[in-house]
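**Student:** For reference, the structure I am asking about is given below.
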Amino acid sequence: MRVFANPVGAGTLWFDNLATADGIPVAYDPQARAFVPSPPYCANRDRIGCNWIAPEAGAFCRSCAMTQLAPDPSIANAIPNWAQTEAAKRWVLDNLGRWHWFRPEDPGARPVFHMLAEGPTPVSMGHAEGVVTISVAEVDPILLTTRREALQEPYRTMIGHMRHEIAHMLWWRLSLRQDFLDAFRNKFGDERMDYQLSLRSHYENGPPADWKQYYLTSYASAHPHEDWAETTAHLLHLTDIADSFVATGLSSRQIPDSGWDPYSEPDAERLIHTAAMLTVGVNHVNRSMGLSDLYPFVLSNHARQKLAFVHGWLRRGALGL
């Protein structure tokens, strides 16, 4: 994620800012990728802290307009949890916008979001025909840690959920192209195999013993759809880690040049290699504070090939190139 110029004075702004350091209200324009001082604010600004502009006064911003169902406010912590969930959505949508996904120039369908709070019954997150269902309760740190440990996942965050579930929607969009389907099945396998049966087998029997040679995560081995979603999420992780590293002015011998833009990098292998090497250093910094690794994954050759495949399609897919 970039670091942004202050439109009304000195200093910089971060993606989630609602005001400058001097307290002057500002909002983010996702089309210009810049903050502006006096726009029509999103109708959700006061309710959930949305900092994006709206097309007109009283309207929702581009991101909030994609939310068809909001959580039940009578459920404890539903609104603050929703606010954090929408912030994660805006971050991921802006990432994807760097490759023209879901912007005005993108001629395809946008995702529709069902943001649900959890009562006594847990919410099953997922995607079905363009609809992304998200449990806003997953921003709760205790619940998140409990589920991460129960599922033996090294990484689980709301941004991660957004990237994974939106990845399913991206596959749905791309699957309208036969050339994509043919290439996908050659690289990931035939997604027409029984999905529920595959998941049940995964949860009952676990992943294959050699899954680390072929997949980024054990869950990716469950079915080609999940392999795509996990791989796509990881491509977004790695690209944005590299972009954020450069944007904050950090330097490394791994960076190709001073003006390098990871989202504009056409060479998938160079992008993946550079980002992976940067994570090694950042992981080391995290350990100095007794924190878990920022990116606790090892990229096998098969995983790198799949990441490169996804990179090629995401860079060209939104505009149908």
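**Student:** Hey, how many Å between the Cα centroid of the range 71-94 and the Cα centroid of the range 169-220?
**Tutor:** Value for the Cα centre distance between the two parts: 29 Å.
**Student:** Would you kindly give the portion of the calculated P(r) for the chain that falls above 32 Å, as a percent of all Cα pairs?
**Tutor:** 29 percent
**Student:** How big is the range 53-181 by the Kirkwood estimate over distinct Cα pairs, in Å?
**Tutor:** After inverting the mean inverse Cα-Cα distance, the result is 15.6 Å.
**Student:** How large a share of the accessible area of the range 10-142, in percent, is made up of carbon and sulfur atoms when the probe is 1.4 Å and the other protein chains stay in place?
**Tutor:** Exposed carbon and sulfur together represent 57 percent of the surface.
**Student:** How large is the accessible surface per residue of the range 2-154, computed with a 1.4 Å probe and reported in Å² as a whole number?
**Tutor:** 47 Å²
**Student:** Same structure, new question: Taking the alpha-carbon centroid of each part, what is the distance from the range 1-51 to the range 230-305 in angstrom?
**Tutor:** 27 Å
**Student:** From zero outward in steps of 10 Å, how is the percent of C-alpha pairs of the range 95-148 spread across the bins?
**Tutor:** 21, 37, 28, 13, 0
**Student:** Mind giving me the nanometre distance, one decimal, between the label points for ALA10 and ARG177, set 7 Å out from Cα along Cα→Cβ?
**Tutor:** If labels sit at ALA10 and ARG177, their model points lie 4.8 nm apart.
**Student:** Out of every Cα pair in the range 172-321, what percent are spaced more than 21 Å from each other?
**Tutor:** When all Cα pairs of the range 172-321 are counted, 50 percent exceed 21 Å.
**Student:** Provide the descending list of Cα extents for the range 13-57 along its principal axes, expressed in whole angstroms.
**Tutor:** Between the extreme Cα coordinates on each principal axis of the range 13-57 lie 25, 24, 16 Å.
**Student:** Classify the range 200-272 as rounded, prolate or oblate, taking a ≥ b ≥ c as the square roots of the eigenvalues of its Cα gyration tensor: rounded when a/c is under 1.5, otherwise prolate if a/b is larger than b/c and oblate if not.
**Tutor:** prolate
**Student:** For q values of 0.13, 0.14 Å⁻¹, compute log₁₀ I(q)/I(0) with the Debye formula on a Cα-only model of the range 156-238, without solvent.
**Tutor:** For the range 156-238, the Cα-only Debye profile gives -0.41, -0.47.
**Student:** Hey, how much of the P(r) for the range 1-126 falls beyond 24 Å, as a percent of Cα pairs?
**Tutor:** Value for the range 1-126: 31 percent of Cα pairs lie more than 24 Å apart.
**Student:** Looking at the chain as a GNM with Cα springs under 10 Å, which of THR121, THR146, THR248 has the largest mean-square fluctuation?
**Tutor:** Sorting by GNM fluctuation, first place goes to THR121.
**Student:** Which FRET efficiency value, to the nearest 0.05, do you get for ALA57 and SER201 by plugging their Cβ-Cβ distance into 1/(1 + (r/R0)^6) with R0 = 45 Å?
**Tutor:** E between ALA57 and SER201, to the nearest 0.05, is 0.25.
**Student:** Additional query: Need the full-extension length gain, ASP267 to GLN68, defined as separation in residues times 0.36 nm minus the C-alpha distance. One decimal, nm.
**Tutor:** The span from ASP267 to GLN68 would gain 67.9 nm if fully extended.
**Student:** To the nearest 0.05, how large is the calculated FRET efficiency for ILE24 and THR157 if R₀ is 22 Å and r is the Cβ-Cβ distance?
**Tutor:** With a Förster radius of 22 Å, E is 0.10.
**Student:** Then there's this: With an 8 Å cut-off on Cα pairs and a minimum separation of 6 or more residues, tell me the relative contact order of the range 232-321 in percent.
**Tutor:** Relative contact order comes out at 32 percent.
**Student:** Still on this structure: Place a +1 charge on the Cβ of each Lys and Arg in the chain and a -1 charge on the Cβ of each Asp and Glu, then give the dipole magnitude about the Cα centre in debye, rounded to the nearest 20.
**Tutor:** Roughly 340 debye for the chain.
The values are calculated or read from the model by the stated rules, or taken from the named source; none is laboratory data. Everything numeric in this text was worked out from a predicted model, so none of it was measured. For neighbour counting, all protein chains shown are included, and Cβ atoms are generated from backbone atoms with ideal geometry for every residue, glycine included. Protein only, heavy atoms only, side chains kept; ligands, DNA and RNA dropped before computing areas. Shrake-Rupley method; radii C 1.70, N 1.55, O 1.52, S 1.80 Å.
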